[in-house]
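Here is the structure we will look at, set down as structure tokens.
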Amino acid sequence: MVSPLTALHIDRPAVGIANFSSLRDRIGINFTQLRQDRCLDEARETADPVRLMRLFGITSHTAVHYVRTAYPERFTIDPAQA
């Protein structure tokens, strides 16, 4: 039996580290920066720290940091300092 995931892209080559390395070299961004950009983009879309924690496996502190960065106007008063 063929895996459903394999069947979706049967005519396309497998993606390996060389593909990612080539992409990284062309766009000039490393994997850490790419992950941070992806987290920030998701924070802009959802503004939900719990979703970020589940999706990326990050801590609550990091998730709130991304949401605060995406929406600074929502955090005019630092709740930790209040």
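Read the figures in this text as sums done on the coordinates, not as results from a lab. Everything quoted here is computed from the prediction, not taken from an experiment. Cβ placement follows ideal geometry from the backbone for every residue including glycine, while neighbour counts extend to all protein chains displayed.
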Given R₀ = 35 Å, what would the calculated FRET efficiency be for R44 paired with L23, taking r from the Cβ atoms and rounding to 0.05?
0.95
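Can you pull out the chymotrypsin sites (Phe, Trp or Tyr not before Pro) in the range 10-79 that DSSP calls coil and that have at most 12 other Cβ atoms within 10 Å?
Answer by residue number: F75.
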